[in-house]
Amino acid sequence: MSNAAAIAPLLVVENVYAGYIPDLNILQGINFCIGAGELVTVIGPNGAGKSTLAKTIFGLLKPNQGRILFKGENIAGWKCDRIVQRGLCYVPQIANVFASLSVEENLEMGAFIRSGPTKPLKDSIYNIFPILAQRRHQSAGTLSGGERQMLAMGRALMLDPDLLLLDEPSAALSPILVNSVFEQIQRIHQTGKSVVLVEQNAKKALLLAQRGYVLENGKDRFEGTGAALLNDPKVGELYLGAAYQRRNSAQEIP
């Protein structure tokens, strides 16, 4: 665990084993943590267990072993709705908006467990995602892929969560839309939100994140700052491409 995360731990995953079939674990003793206010990314090759980790944290999968501590309480095995009420929201990779509802209706659906007016929350989300304000009366099914991802993130933010868990937000997007989505994730983090970014685009994710984890075969193989992982020869050769690693020395990483 890093010193930064140890100061104010928000989420701690300890020695977690989990999978989709009994006695067949995809996660093989994962350890992971994020401190309050951090942006931490999880990268790795296909099949490494990235999305499985996200689903296990959010309660879509029950761990066979280990603990998941959120704000000091073990939430392993909790149902999703209870986890949401605790302050953790999850944005899945697909099927993450109500296509037949308008943008504004989608945002209002995101606040289903809140009481009181939703306008202040919607206004803050429209400030982060101005395009959603322009499209507020448009059905979500007519939005571009990037706009749908923004709406899915905005809907999760309607609950004002302590932690936002994003699962592959850049998947299947064009390069221009990928850049836009990453810019919006940065804006969300700049508001003070803690963000776990599970991502296939390793280079962009590590450039954005304060810290990162590299998974391999269901295990956390590397952990460090984004810049350190980008410049680690082993990470470069295995996950980023040796040519990329050689071109980007530590002095060139912002």
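Figures for the structure shown
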| read-out | value |
| --- | --- |
| Sequence of Lys203, Lys50, Lys62 once ranked by neighbouring C-beta atoms within 10 Å, starting from the fewest | Lys62, Lys203, Lys50 |
| Debye equation applied to the C-alpha atoms of the range 39-83, log10 I(q)/I(0) at 0.13, 0.15, 0.32 Å⁻¹ | -0.31, -0.41, -1.16 |
| Cα-centred dipole magnitude for the chain, charges only on beta-carbon of K, R (+1) and D, E (-1), debye, nearest 20 | 120 |
| Local net charge near Ile75, Cβ-Cβ under 14 Å (Lys/Arg +1, Asp/Glu -1) | +3 |
| Pairwise FRET efficiency - His137 versus Lys71, Cβ, R0 = 45 Å, nearest 0.05 | 0.75 |
| Cα-based Rg / Dmax (Å) for the chain | 17.9, 54 |
| Mean Cα-pair separation over length for the range 1-91, i.e. relative contact order, pairs under 8 Å, 6 or more apart, % | 31 |
| Debye equation applied to the C-alpha atoms of the range 91-222, log10 I(q)/I(0) at 0.13 Å⁻¹ | -0.53 |
| Highest-first arrangement of 37-46, 88-97, where packing means the average Cβ count within 10 Å | 37-46, 88-97 |
| The range 3-244: relative contact order as a whole-number percent, Cα under 8 Å and 6+ apart | 26 |
| Qualifying aspartates and glutamates (Cα of each under 14 Å from Cα of Lys219; at least 8 residues distant if same chain) | Glu14 |
| Whole-number percent relative contact order across the range 195-239, with pairs defined as alpha carbons under 8 Å at least 6 apart | 30 |
| Overall dimensions of the range 1-143 by Cα: Rg and Dmax, Å | 17.5, 49 |
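Just so you know, all these numbers are worked out from the coordinates, no wet-lab data involved. Here the structure is a predicted model, which means the values were calculated and not measured. Positions of Cβ are backbone-derived with ideal geometry, glycine not excepted, and every protein chain shown enters the neighbour counts.
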